[in-house]
Amino acid sequence: MLLDADDSQLVLIDYQEKLMPAIFEGPQVLANAVKLAKLANLMEVPVWGTEQNPSRLGPNAAELRALCDQTLAKLSFSATEDGLIDLLRPPVRKQQGGNARSLPKHLQKPAAPAEPERPSIIIAGCEAHVCLLQTALQLLEEEMEVWVVTDACSSRSERNRDAAFDRLAGAGAELVTTEMVAFEWIRSCEHPAFKQMLELVK
C-alpha cells in the first residue's frame, strides 16, 4: 500500500523551541519535519501542528509553525483529547430529505461520525514515546490509517524513541521515512512537482 497525497493529512507534534535542544538528534529531526511540511504544502496536503502547554514550553520552531495550516495548543499528551480529531474529520453533514426530520428527536437516528476525507494521517513529532505515541495510538483507535515518519520523530533518549517505534508498529502503524513519503506522494519523475521535491529532499 502506497501513500496518496490526495488522501493524506500531515500532523506535526510538539517541535517546541524549549524542548528541541534536549531531543536526541534534534536538529536533524526538526529539519526533516520542515521538509515534510514543505512537501505537504507543495502537494496541497493539509498540515496541522500541535504545541504541548505552550505557555510553559513556548511555541513550535518558527520555520515549522509558518508552514502549518493551524497549530493546536494542548494540555493532554494525546492531541486527540484536545481537538485534533475535529481538524482531521470534516463536520457531520445534516441529512437531507426524507421524513426523519418530522420524527421526534428520540426516534431519529444519530448521525454517523464523518469519515475523514483524507484518511491517511502522516504523523511525526516529539517526544516519540509520549505525545507522539499517545496521539498515534488514539488515531488508530479511531480507525484512521497512521503513518509514522521515523526520521522526523525523536525523544530525549534513543531508547525511548525506539521503544515507541516498536510499540507503534505492533499496534498497526506504518513506519516510513521522509523520503518514502516524498516519493510516494510524487509517484513519477513526470510529476510537475518532481524537481521541486528533489530539491527539498537533497
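The values are calculated or read from the model by the stated rules, or taken from the named source; none is laboratory data. What you are looking at is a predicted structure, and each value in this text was computed from that prediction instead of being measured. Neighbour counts run over all protein chains shown; Cβ positions are idealised from the backbone, glycine included. SASA here: full protein model, heavy atoms, side chains in, ligands and nucleic acids out. Shrake-Rupley method; radii C 1.70, N 1.55, O 1.52, S 1.80 Å.
Descriptive notes on the structure:
- Accessible area per residue for the chain is 54 Å², calculated with a 1.4 Å probe on protein heavy atoms, without ligands, DNA or RNA.
- Restricting attention to the chain, the count of lysine pairs at 8 or more positions apart or across chains with alpha carbons under 23 Å apart stands at 9.
- Where N is the number of residues in the range 122-163, Cα Rg divided by 2.2 N^0.38 Å: 1.09
- Split the accessible area of the chain by element, probe 1.4 Å, and carbon with sulfur accounts for 50%.
- At full extension, Phe194 and Asn41 could sit 53.7 nm farther apart than now, given 0.36 nm per residue minus the alpha carbon distance.
- Computed about the Cα centre, the dipole magnitude for the chain is approximately 640 debye when only Lys and Arg (+1) and Asp and Glu (-1) carry charge, each at its Cβ.
- Using bins of 10 Å that start at zero, the share of Cα-Cα pairs per bin across the chain amounts to 9, 35, 33, 14, 7, 3, 0, in whole %.
- Summing charges over neighbours of Asn32, with a neighbour being any other residue whose Cβ is under 10 Å away from its Cβ, gives -2 when K and R count +1 and D and E count -1.
- Among beta bridges identified by DSSP and lying wholly in the chain, the antiparallel ones come to about 5 percent.
- Scattering profile of the range 147-202 at q = 0.15, 0.29, 0.31 Å⁻¹ [log10 I(q)/I(0), Debye over alpha-carbon scatterers]: -0.54, -1.09, -1.19
- Ala73-Leu175 FRET efficiency (beta carbon distance; Förster radius 45 Å; 0.05 resolution): 0.95
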